[in-house]
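Every read-out reported here was derived from the displayed coordinates using simple, explicitly stated rules and does not represent laboratory data. Here the structure is a predicted model, which is why all the values come from computation and not from measurement. Glycine gets a Cβ as well: all are built from the backbone with ideal geometry, and neighbour counts include every protein chain shown.
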Amino acid sequence: MIAITRRRALFGAAALASVYPILRSSPALAQAAAGPFSLPALPYAPEANEPSIDKMTMEIHHGRHHAAFIGNLNAAAKDFPQIAAMPMHQVLQKIGEMPEAVRGVIRNSGGGHANHAMFWTIMGGKGGEPSGDLAAAITRDLGGMEKMKTDFNAAGVRVFGSGWVFVTVDATGKLALTSRPNQDNPRMDGQMVLMGNDVWEHAYYLKYQNRRADYLTGWWNIVNWQAIETRYAAAKAGTLGI
């Protein structure tokens, strides 16, 4: 039994070592540097979210996975420049009006770009709780912080395969909890995103392996509530983008 365990461990290490160079050399990364779309910088050092999210996961997640979405969008924009002619949140809202040939790219890479651009900005904090209008809205619409966290985590665990769990917000400030598969973004259904957590395995597997519930629980320790409060105010003012 010990020998089998060691073989599996060695195989897992070898598999990771073989994947990481592929991510670094992906053709999409070269495209990410040339086109109307660009990869937003992390607003903090990649190790800032440790121990909840490790440095390597942040580097791969941001610099490889998100960069690949940017590369795909820039490649598509060469033949369909209209996808760069308006802000991404509007492109997602109008996905049904976009050329059929590019809808898949918009759904997967446009949604992925929007989801991740939001995701980076709402982390790097110290957890805790929000204040003011947002705290009141969470109590009013989601039953308070503890219930919101419990329901949010449960929704994240229930996502089958890859996807996201979100808190959406409307123009009046009303909140709702929802989830989406893959890289689907609530803007595709006319809803604004207040906050969300990525439950694709690439967001947590290096540290948590199959323990998604532990990842979801630990994630609250690095939430930046000040950034989310800013998004909440922008939603009510009609200025919130992705």
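Odds and ends about this structure:
- Charged neighbours of residue 241, selected by a Cβ distance under 15 Å, balance to +4 (K, R count +1; D, E count -1).
- Across the options 225, 113, 157, the greatest Cα extent toward the positive end of the charge dipole of the chain (unit charges at beta carbon of Lys, Arg, Asp, Glu) belongs to 157.
- Point-charge dipole on Cβ atoms (K/R +1, D/E -1) for the chain, about Cα centre, debye to 20: 540 debye
- From most to least packed by mean Cβ count within 10 Å, the peptides 63-69, 106-112 give 106-112, 63-69.
- Scanning residues 5 or more positions from residue 38 or on other chains, none has an amide H under 5 Å from its amide H, with H placed 1.01 Å from N in the peptide plane.
- For Rg/Rh (Cα atoms, Kirkwood Rh), the value computed from the atomic coordinates appears in the list [x] 1.01; [y] 0.94; [z] 0.98 under label [z].
- For the stretch 102-185, a simple Cβ point-charge model (Lys and Arg +1, Asp and Glu -1, everything else neutral) yields a dipole of about 240 debye relative to the Cα centre.
- Counting Lys and Arg as +1 and Asp and Glu as -1 over every other residue whose Cβ lies under 12 Å from the Cβ of residue 204, the net charge comes to -1.
- Part-to-part distance (alpha-carbon centres) for the stretch 59-84 and the stretch 142-162, which is given in Å: 30 Å
- Rounded to 5, percent antiparallel among DSSP beta bridges of the chain: 100 percent
- The chain - percent relative contact order, Cα under 8 Å, separation 6 or more: 21 percent
- Taking the Cα centre of the stretch 132-237 as origin and assigning +1 to Lys and Arg Cβ atoms and -1 to Asp and Glu Cβ atoms, the resulting dipole is close to 80 debye.
- Above-threshold pairs, the threshold being 19 Å between Cα atoms, out of 55/149; 147/236; 149/174; 126/174: 55/149; 147/236; 126/174
- Loop-located trypsin sites (Lys or Arg not before Pro) in the stretch 146-242 (DSSP state not H, G, I, E or B) with no more than 14 neighbouring Cβ atoms inside 10 Å: 174, 211.
- Cα centroid separation, the stretch 90-124 to the stretch 209-242 (Å): 18 Å
- Distances between placed amide hydrogens fall under 5 Å for residue 240 paired with 235, all partners being 5 or more residues away or on another chain.
- Scanning the chain for long hydrophobic helices, with DSSP H runs required to stretch 30 angstrom or more by C-alpha along their axis and to average at least 0.5 on the Kyte-Doolittle scale, returns 2-24.
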